[in-house]
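Working notes for the structure below.
Every number in this text was worked out from the coordinates using simple rules, so none of it is lab data. All values derive from a computational prediction rather than experimental measurement. Heads up, the Cβs are rebuilt from the backbone with ideal geometry, glycines too, and the neighbour counts pull from every protein chain shown.
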Amino acid sequence: MLITTGDTDNPELFKRAASLAEHTGSCYVPRRGMSLGKLVQRSGGEQDVIVVIQNGARLVRPGQDPLTFHPSMGFIRAKRILKGEQDPMLEAARLEPGDTVLDCTAGLGTDSLLFSVGTGRDGKVIAIESSESLYALLKEGMSYYRSGLQAVDEALSRIELHRSEHLDILREMPDRSADVIYFDPMFRDPILDSSSISPLRMFANPEALAEESIREACRVARKTVVLKEKRDSTEFARLGFTKVERGQTKTIYGVIHVDRLN
């Protein structure tokens, strides 16, 4: 993976790019007026590039649409939560202010943001991402993206981000050490008209959730384990989740109420 900047002479962006490269063990390559294609070619061929920009970062893979860090619909949902409105994901999780949440499939960080808004300043959100490229995009984006709404920016800054396989993290966590464990894996059968998710599929971990991940999540969770999937997905039954029906939406949540099992 390469780290560079936009075509700029801003020394602060140079410092950020170099710092991100050091943090991720990647190679920082100064832009120096080169196109991204030429920069990749000079660096040995096809590989992912993180472009550090003023308001976050962009992830570029040769031949694919770029992916820019942005909360997207998550920003609108976050504003609704801040106004006191209900959110179906937070309702499914039975989230309360002060809760500790483990987001096992961070992706673009949208759900982590909503959990962080919902748990508030006294809560804690730990986001795990296994993809090196997505982790780097999130690391830079969560640190420097500015939404124009202070409460949203503060919620982003409170998220504790880790690059790891979620099962490795779960195995190390003590029993009942988080209130909510959340999974939003890449769907087995993608929603083809989802323009926001399609570029993400190129970078995200495509593997199905392991049954061991759910067993460990049930051991670690104090309250709920939540899974987001397509309405007709067989993953809910395979992994032991109860569906939470809501309207005619294409995606729904499944829940295991850990605190009600005994």
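Which shape class applies to region 73-260: rounded if a/c is under 1.5, otherwise prolate when a/b exceeds b/c and oblate if not, where a ≥ b ≥ c are the square roots of the Cα gyration tensor eigenvalues? Since a/c stays below 1.5, the shape of region 73-260 is classed as rounded. Once C-alpha pairs closer than 8 Å and six or more residues apart are averaged by separation and normalised to the residue number of the chain, the relative contact order reads 15 percent.
Taking the Cα centre of the chain as reference, the dipole from Cβ charges on Lys and Arg (+1) and Asp and Glu (-1) amounts to some 420 debye. Springs between Cα atoms under 10 Å define the GNM used for the chain, and in it the highest mean-square fluctuation of 139, 228, 250 occurs at 250. Label sites at residue 249 and residue 154, each approximated as a point 7 angstrom past Cα along Cα to Cβ, lie 2.7 nm apart. For residue 222, the residues whose modelled amide H falls within less than 5 Å of its own, excluding neighbours fewer than 5 places apart on the same chain, are 178, 179, 180. Each residue of region 163-175 was assigned a 3J(HN,Hα) from its phi angle through the Karplus curve 6.51 cos²θ - 1.76 cosθ + 1.60 (θ = phi - 60°); the sequence is 9, 5, 7, 4, 5, 4, 5, 4, 4, 8, 7, x, 4 Hz, with glycine and proline shown as x. As a calculated quantity, the FRET efficiency between residue 212 and residue 86 at R0 = 30 Å, using C-beta atoms, amounts to about 0.35.
In region 2-54, Cα pairs under 8 Å separated by at least six residues give a relative contact order of 53 percent. Toward the positive end of the charge dipole of region 2-54, with +1 on the Cβ of Lys and Arg and -1 on the Cβ of Asp and Glu, the farthest Cα among 33, 19, 53 is that of 33.
Once both labels are positioned 7 Å from their Cα atoms along Cα-to-Cβ, the gap between residue 32 and residue 72 label points is 3.6 nm. Need the C-alpha centroid separation for region 205-224 versus region 49-124, integer Å. So the separation of the two Cα centres works out to 20 Å. Highest GNM mean-square fluctuation among 99, 179, 232, for the chain modelled with Cα contacts below 10 Å: 232. Across region 50-64, coupling constants 3J(HN,Hα) worked out from phi with the 6.51/-1.76/1.60 Karplus curve, θ = phi - 60°, read 9, 9, 7, 10, 4, 9, x, 6, 10, 10, 10, 10, x, x, 10 Hz, and Gly and Pro carry x. Under the shape rule built on the C-alpha gyration tensor, where the axes satisfy a ≥ b ≥ c, region 2-54 is oblate, since a/c reaches at least 1.5 while a/b does not exceed b/c.
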